Amino acid sequence: MPDHSPALAFECVTKRFGATTAVDAVSLDIAGGSFVALVGTSGSGKSTLLKTINRLIEPSDGRVAIDGTDVATGPASDLRRRIGYVFQNIGLFPHMTIAENIAIGLRIAGRAQDARIDDLLDLVDLPRAIAGRLPDALSGGQRQRVGIARALAPGAKLLLLDEAFGALDPVTRDALGTRIRDLHDRLGLTTILVTHDMAEALLLADRVLVMKAGRIVADATPADLVAGKGGDDAQALVQVPRAQAERLQALVA
């Protein structure tokens, strides 16, 4: 992975599971340094599309490229070590300490690890004292922060977040989302966030892509979506947090 923020390109990417088309001929360019949210209802294809980037899912047709190079070039394991990936179930190794979990990618790559653990814990606002603990001693929000530190440890400039905050309580979810946005800006990342929460997408991302039935049906800035410029499918999603805000306001009116 280059030191600069990588650009992504989807070229007519399609994924079929038997008779079901989960992703339907998606063509899309994402500029380096972007924070992009992929939103849609369950089954819209957003997680499937995301996983074609790190080859957890191989397209049936089309290709995905990072800085012009097809991700299918070379071993998938090498590609994944260059991409940060954080998902809802975290996936920490329960028998490993926090330090060992964070350093797993560095260890596999044969790189020095000990000196970076404290810095990575600082990066995700975790106390250095937890480095020797096991994951079950941490809260859900703390474990997810460890997952983010692990994803960033090898120096990846591309970060994929697959419903990464979905299992967290609202307060922790909001705080972690804000922290991710801060890290994106500070580290110069290209970040792709899959979420079903339109409010989260609008508040964190620079660009929002709305998926329906495997296709991109809206592609707009948060401001344009709030202004009603994203089309009917996008507005149906925007209307949910808008209606909630109106009901909350009515309680104090």
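The table below gives the values:
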quantity	calculated
Compactness of the chain, expressed as Rg and Dmax over alpha-carbon positions, Å	18.5, 61
The chain - percent of accessible surface contributed by carbon and sulfur, probe 1.4 Å	52 percent
Interchain or long-range residues, amide H under 5 Å from LYS212's placed H	VAL217
Geometric extent, Cα atoms of the stretch 158-253 - Rg, Dmax (angstrom)	14.2, 45
In Hz, Karplus ³J(HN,Hα) per residue of the stretch 29-46 (6.51, -1.76, 1.60; θ = phi - 60°; x = Gly, Pro)	10, 10, 5, x, x, 6, 10, 10, 9, 9, 10, x, 6, 4, x, 6, x, 5
Karplus 3J(HN,Hα) series, Hz, for the stretch 74-90 with 6.51 cos²θ - 1.76 cosθ + 1.60 (x for Gly, Pro)	x, x, 4, 4, 5, 4, 5, 6, 9, 10, x, 9, 10, 10, 4, 8, 6
Rg followed by Dmax, in Å, when the stretch 1-112 is reduced to its Cα trace	15.6, 47
Separation of alpha-carbon centers, the stretch 29-84 and the stretch 129-167, rounded to whole Å	20 Å
Long-range HN-HN contacts of TYR85 with modeled amide H, under 5 Å	LEU160
Dimensionless Rg/Rh of the stretch 54-96 - Kirkwood Rh, Rg from C-alpha atoms	1.06
Reachable lysines, given that their alpha-carbon falls under 30 Å from the alpha-carbon of LYS229 and they are not under 8 places away in the same chain	LYS15, LYS46, LYS51, LYS212
Förster-model FRET efficiency, 22 Å R0, ASN89 and SER139, C-beta, rounded to 0.05	0.90
Relative contact order computed over the chain (Cα-Cα under 8 Å; 6+ residues apart), in percent	26 percent
Sequence-separation-based contact order of the stretch 114-222, relative, with Cα cut under 8 Å and 6+ spacing, percent	19 percent
Amide H within-cut-off set for VAL23, under 5 Å, with H built and near neighbours excluded	LYS15
Per-residue HN-Hα couplings for the stretch 145-155 [Karplus 6.51, -1.76, 1.60; θ = phi - 60°; Hz; x = Gly/Pro]	5, 4, x, 5, 4, 4, 5, 8, 3, x, x
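The values are calculated or read from the model by the stated rules, or taken from the named source; none is laboratory data. Just so you know, these numbers come straight off a predicted model, no measurement behind them. Don't worry about glycine lacking a Cβ; one is built from the backbone with ideal geometry, like all the others, and counts go over all protein chains shown. These accessible areas exclude ligands, DNA and RNA; they are computed on the full protein's heavy atoms, side chains included. Shrake-Rupley method; radii C 1.70, N 1.55, O 1.52, S 1.80 Å.
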